[in-house]
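Encoded as structure tokens, the structure appears first; notes follow it.
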Amino acid sequence: MNDEATRQIEEGLPFQIHFISGLPRSGSTLLAALLRQNPRFHAGMTGPLYGLFNTLLGEMSARNEFSVFIDEAQRRRVLTALVRSFHAGHAPEKGVVFDTSRAWTSKLAALGELFPGAKLIACVRHMPWILDSIERVVQRNMFQPSIMFDYQPGGTVYSRVEGVAGANGLVGHSYNALKEAFFGANAERMMLLQYETLVAEPRRALDALYEFIGEPRVAHDFETVSYDARAYDERAGTPGLHEVRARVSATSAMRETILPPELFRRFESDSFWRNPELNPRKVRIV
């Protein structure tokens, strides 16, 4: 598809679209809560758009006997129309929409083709503390089996860590998708936002984000932050999963991990973005 055709497709959106992705328990809900303070922005927790997008890709593939009637231009139009229609009802007029899913990193190339102006903000966090955070949620809700483990009761911290850290697990899949995007050909479209920066220096974190997406900076209130996802969290068997504290502050530095020492150490070297030598494409990391 030529540049003019791509431009015409993207101009069908009445808003600018960007994507929030990255690792679980790394601040994406807090980031959305802060971005929503800008009246031109719409942002939220992980939603269903990625699942719909991926399902449509599958339904338009060769497994559908009628795929012979679907050409590449039609696929692009259908996917672009899905994004436009999904967010049309609540997007600020001529504003900016941030759609969140941990899996968007696996579609970075496709997003760049469909929405050339779109950027992806990947939230990351030192890996052992992600697993610590998940385990804290599980132990805090000991009488409610969680969606994170298919509502299965039982297990130990070891089996739970193995489950979420595996290639198809909550953490493992998003971690592999993050690496795919970070080391891939479209890496210039993404910025890594470290949880540690977001909670300790929220103003610097948002300044970098505004610069990255090319939007004018507005003032944000880091003392009064709100986001309510209690209904979803209750249904998922994980009350407090998306809880956002009213005041942005760093807490993990002031506590000890609840993971057994060998589990914590096992993942300490996995935070590859902390090593400048492992950033060949010069991805911006804040």
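What follows draws every value from the coordinates through simple rules; no lab data is involved. Quantities reported herein were computed from a predicted structural model and do not represent experimental measurements. Positions of Cβ are generated from backbone atoms using ideal geometry, with glycine treated the same way; all protein chains shown enter the neighbour counts.
Side notes on the structure shown:
- The Cβ shell under 14 Å around His126 holds other residues with a net charge of +2, Lys and Arg each +1, Asp and Glu each -1.
- Anchor Lys282: lysines whose Cα lies under 29 Å away (excluding residues fewer than 8 positions away in-chain): Lys107, Lys119, Lys179
- Residues whose amide H comes within less than 5 Å of that of Gln194, counting only those at least five positions distant or on another chain, are Val124, Val286 (H built at 1.01 Å from N in the peptide plane).
- Residue exposure sequence - Lys119, Lys107, Lys282, Lys179 - by fewest surrounding Cβ within 10 Å: Lys282, Lys179, Lys119, Lys107
- Low-density loop positions, chymotrypsin sites (Phe, Trp or Tyr not before Pro), segment 18-112 - DSSP coil, at most 11 other Cβ in 10 Å: Phe66
- Of the residues Ile70, Leu34, Gly95, the one whose Cα sits farthest toward the positive end of the charge dipole of segment 3-285, with +1 on the Cβ of Lys and Arg and -1 on the Cβ of Asp and Glu, is Leu34.
- FRET efficiency, 1/(1 + (r/R0)^6) with R0 35 Å, evaluated for Tyr151 and Ala109 via beta carbons: 0.55
- For segment 24-46 versus segment 77-99, the inter-centroid distance based on Cα atoms is 16 Å.
- The charge dipole of the chain, taken about the Cα centre with unit charges on the Cβ atoms of Lys, Arg (+1) and Asp, Glu (-1), comes to about 320 debye, rounded to the nearest 20.
- Helix content alone sets the calculated 222 nm mean residue ellipticity of the chain: runs of n ≥ 4 DSSP H residues at -39500 (n - 2.57) each, divided across all residues, give -12000 deg cm²/dmol.
- Residue exposure sequence - Ile121, Ile147, Ile285 - by fewest surrounding Cβ within 10 Å: Ile147, Ile285, Ile121
- Simple spin-label estimate for Glu211 and Ile70 gives 4.2 nm between the two label positions (7 Å along the Cα-to-Cβ direction from each Cα).
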